[in-house]
Amino acid sequence: MITHHPAEELLAAYAAGSLDEATSLAMATHLTLCPACRAVHDDFEALGGVLVCENAADTLKPDALAATLGMIRAAGSGVADSGVADSGVATVMRPQPSTVATAGSSLLPLPLQYYVGGDLAAAKWRPLGPGIHHMPLIADGAASARLLRIAPGRSVFEHSHEGNEITIVLRGSYSAGGENFRRGDLEMADGTVSHRPVAGSEDICVCLAVTDAPLRFGNFLGRVMQPFIGI
Amino acid sequence: PPRSQDPERMTTLLLRLKENQDETVFAELFHFFAPRVKSYMRKLGAPEDQAEELAQESMAMVWRKIHLFDAERAGASTWIFSIARNLRIDAFRRQRRPEVLMNDPTLVPDGPESPEREMDRGQQAAAVRAALATLPAEQARIVHLSFFEDKPHAVIAEQLGIPLGTVKSRMRLAFQRFRKALGEPES
Ligand SMILES: [Zn+2]
Ligand SMILES: [Zn+2]
């Protein structure tokens with residue numbers, strides 16, 4: 001049972017298409033695991049549809065329809081798709097078929113598998129600190145996304161954030177600030193939060209972490225480590 | 001023409017196009033949606049030519065992807081909006097928009113929907129329009145800006161001449177109020 005959800009305005013921004021790729025990945029991951037938020041997101045997409053329909057109509061070029069039908073016929077006669085990102089119809093993020101785990105055994109939602117190159121077993125881990133590994137997935141300047149793997153019972157350094165940090169649990173659990181986070185749960189931390197997540201002792205903890213500004217580590221080891229780990 | 005504004009009619013047209021790729025049906029959809037998608041692109045900063053191009057591409061995509069249109073999941077305006085939005089993200093930012101995939105083995109399925117929710121599935125656009133109309137002007141403005149301005153909240157705040165914190169809290173209030181007007185439980 002998921003008990004920690006993204007704020008409504010974040011779901012609205014995802015529906016509007018104004019989030020960066022890393023934060024959108026976090027939203028797609030949570031929405032795969034959370035039907036309640038999918039319903040909220042559907043309402044916001046419907047809102048987008050209504051706003052576009054209420055939008056004053058522009059004037060098109062006189063031959064617009066003919067040009068579009070021409071484009072359609074050209075594509076129909078064997079010209080490849082233009083390579084544009086797909087529509088909102090769920091075919092964009094399909095990973096290579098060989099890397100898709102069979103139903104029942106998958107751990108990572110498909111939008112995430114696209115970046116990892118397969119399910120969790122395909123992750124290429126790099127050491128990040130005692131008991132902690134990571135795999136960077138997206139780093140586009142604005143925001144970055146990574147998988148984190150924390151050994152049972154280990155903790156991430158105490159840190160605060162200059163921007164926002166979104167963490168989604170994929171396997172195991174962690175606790176921070178007196179709260180417990182399990183599969184699908186999403187924690188949002190901003191500049192006002194300083195925390196020290198501790199993985200549950202029952203299993204390794206795997207999370208998707210998205211940050212839109214560098215973390216600030218509070219303790220000495222963290223400050224020493226920061227230049228090396230680059231997060 | 002008033003009948004083109006009827007979202008149910010647009011959904012019916014898409015279903016007809018799905019059944020049989022008919023250029024007359026497509027033309028009616030095109031005449032309603034293409035000028036609005038063009039305006040959407042222009043408001044988000046596309047120059048005239050690019051806005052026209054993206055509107056045409058969006059409609060070509062409607063034709064190409066029509067087999068995926070599922071009226072149970074989204075009405076016509078919602079579906080076409082999602083197509084236009086994704087083309088915009090690709091064209092403006094050269095980025096992908098990771099999306100939920102309905103064939104994902106890890107997808108946690110919907111619980112049994114409340115009867116209320118099932119009822120407004122078919123008339124979602126009408127319900128959304130009614131909910132939008134209940135928002136006070138300043139909240140409606142913020143909702144509008146959040147779909148038609150590809151700008152960080154800080155820039156929106158500057159444009160409106162109000163503090164960032166106020167933009168964020170107004171946005172939150174506006175979206176919560178919108179959802180309440182739709183009759184959804186608070187999340
Ligand atoms: Zn949720
Ligand atoms: Zn943190």
Yes/no for B:R73 being more than 7 Å from every other protein chain (Cβ to nearest Cβ) and open to solvent by 50 Å² or more (accessible area, probe 1.4 Å): yes
Any strands (runs of 3 or more DSSP E) falling wholly within segment A:143-182 and containing at least 2 residues that are under 20 Å from A:L120 (Cα atoms) and away from ligand 1 (no atom under 16 Å from the Cβ): A:144-150
Subset of segment B:31-44 (residues that are more than 10 Å from B:R88 (Cα to Cα) and more than 7 Å from chain A (Cβ to nearest Cβ)): B:H31, B:F32, B:F33, B:K43
Which condition number does A:M188 fail, the rest of (1) in contact (Cβ under 8 Å) with a residue 60 or more places away in the chain; (2) within 25 Å of B:N103 (Cβ to Cβ); (3) within 14 Å of chain B (Cβ to nearest Cβ); (4) within 16 Å of ligand 1 (Cβ to nearest atom) being met? (2)
For segment B:156-176, does any single residue satisfy the condition of being in contact (Cβ under 8 Å) with a residue 60 or more places away in the chain and either surrounded by fewer than 17 Cβ atoms within 10 Å (Cβ to Cβ) or closer than 17 Å to A:V50 by Cβ (or both)? no
For segment A:19-80, give me every one of the helices (runs of 4 or more DSSP H) that falls completely inside it and has 2 or more residues that are of a type outside the set (V, I, T), within 23 Å of B:D110 (Cα to Cα) and more than 16 Å from ligand 1 (Cβ to nearest atom). A:35-54
Which of the numbered conditions does B:L107 fail, given that it passes all the others? Conditions: (1) over 16 Å from the mean Cα position of the chain (by Cα); (2) without any contact (Cβ under 8 Å) to a residue 12 or more places away in the chain; (3) at the interface with another protein chain (Cβ under 7 Å from one of its Cβ atoms); (4) open to solvent by less than 20 Å² (accessible area, probe 1.4 Å). (4)
Hits in segment B:151-187 - residues which are touching an Asp or Glu at 6+ places or on another chain (Cβ under 7 Å), modelled with pLDDT of 85 or more and over 28 Å from A:D185 (Cβ atoms): none
Checking the structure you have, find out if any residue of segment A:91-102 is buried (at least 17 other Cβ atoms within 10 Å of the Cβ) and at pLDDT 75 or above. no
Tally, over segment A:18-33, of residues that are within 7 Å of chain B (Cβ to nearest Cβ) and either buried (at least 24 other Cβ atoms within 10 Å of the Cβ) or modelled with pLDDT of 95 or more (or both): 6
Would you mind telling me which numbered condition in (1) within 13 Å of ligand 2 (Cβ to nearest atom); (2) modelled with pLDDT of 95 or more A:L147 fails? (1)
Which of the numbered conditions does B:A60 fail, given that it passes all the others? Conditions: (1) within 19 Å of A:L69 (Cβ to Cβ); (2) touching a residue at least 24 places away in the same chain (Cβ under 8 Å); (3) at the interface with chain A (Cβ under 8 Å from one of its Cβ atoms). (2)
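The values are calculated or read from the model by the stated rules, or taken from the named source; none is laboratory data. Since the structure is predicted, the reported quantities are computational estimates derived from the model, not experimental observations. Ideal geometry is used to build each Cβ from the backbone, glycine not excepted, and the neighbour counts take in all protein chains shown. Note: accessible area is taken over every heavy atom of the protein model, side chains too, but ligands, DNA and RNA are not part of it. Shrake-Rupley method; radii C 1.70, N 1.55, O 1.52, S 1.80 Å.
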